[in-house]
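See structure below.
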Amino acid sequence: MQRKPIDINQLQNQPHHLFGTQWLLLTAGDYAKNHFNTMTIGWGALGTMWSKPFAFVAVRPSRYTFQFMEEYDTFTLSAFPDQYRDALTLLGTRSGRDGDKIAAAGLTPEPSNVVPAPSFKEAEIVIECRKIYANDLNPANFLVESIDHHYPDKDFHRIYYGEILKTFGVDKYRV
């Protein structure tokens, strides 16, 4: 995929579509050390916090990617054309603990531009982030009772805020 740098102020996206419909791969670790994992996510956000562009992602402690998010300071978010929907489904339902799910999905990890966490050759947009904050969801703070039904096992997400350092994408993501 021929991606070009996109200034964050020129990023054209529909965040609810990007997370909720298109899905993203969250990848943490170090490409050069061949020590990383990825998972499909459908919950998160893009915005501004502390005068910085940021992405936030939610990861349950039970997920294999959680240990990589804890160990490493950077992560990437990658979006793909519709033809990779089956790959994203596989990456969201299998654990990297059990084998090379990235190879099984047919995706090609590659070095990112400014962070050690990898991106993917097939991605049409890659958002490279450095963690700046993390906090666990506290069910005592749920203001809407229906939120609790997402946690039958009480495995509440840890929310990670990542400062967006660089974004690379195809032209449809550029204003």
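Some values worked out for this structure:
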quantity: Residue 150 paired with residue 16, simple spin-label distance in nm, labels 7 Å along Cα-to-beta-carbon; calculated: 1.5
quantity: Qualifying aspartates and glutamates (Cα of each under 17 Å from Cα of residue 154; at least 8 residues distant if same chain); calculated: 136, 145
quantity: Of 4/101; 131/172; 33/131, those spanning more than 25 Å from alpha-carbon to alpha-carbon; calculated: 4/101; 131/172
quantity: Mean separation of Cα contacts under 8 Å (6+ apart) over length of the chain, as relative contact order %; calculated: 32
quantity: Sequence of 170, 114, 59 once ranked by neighbouring C-beta atoms within 10 Å, starting from the fewest; calculated: 114, 170, 59
quantity: Only Lys, Arg (+1) and Asp, Glu (-1) charged, at Cβ; the stretch 4-173 dipole about Cα centre in debye; calculated: 140
quantity: Burial ordering of 119, 51, 62, fewest other beta-carbon atoms within 10 Å first; calculated: 51, 62, 119
quantity: Förster radius 25 Å - calculated FRET efficiency between residue 51 and residue 171 (Cβ-Cβ, nearest 0.05); calculated: 0.30
quantity: Ascending count of other beta-carbon atoms within 10 Å, so fewest first, for 63, 97, 174; calculated: 97, 174, 63
quantity: As computed over the stretch 1-124, the Cα convex hull volume per residue (Å³); calculated: 114
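Bear in mind that the values in this text are calculations on the coordinates, not laboratory data. Because the structure is a prediction, the values reported are computed rather than measured. Neighbour counts are summed over all protein chains in view; Cβ atoms, including those assigned to glycine, are modelled from backbone coordinates with ideal geometry.
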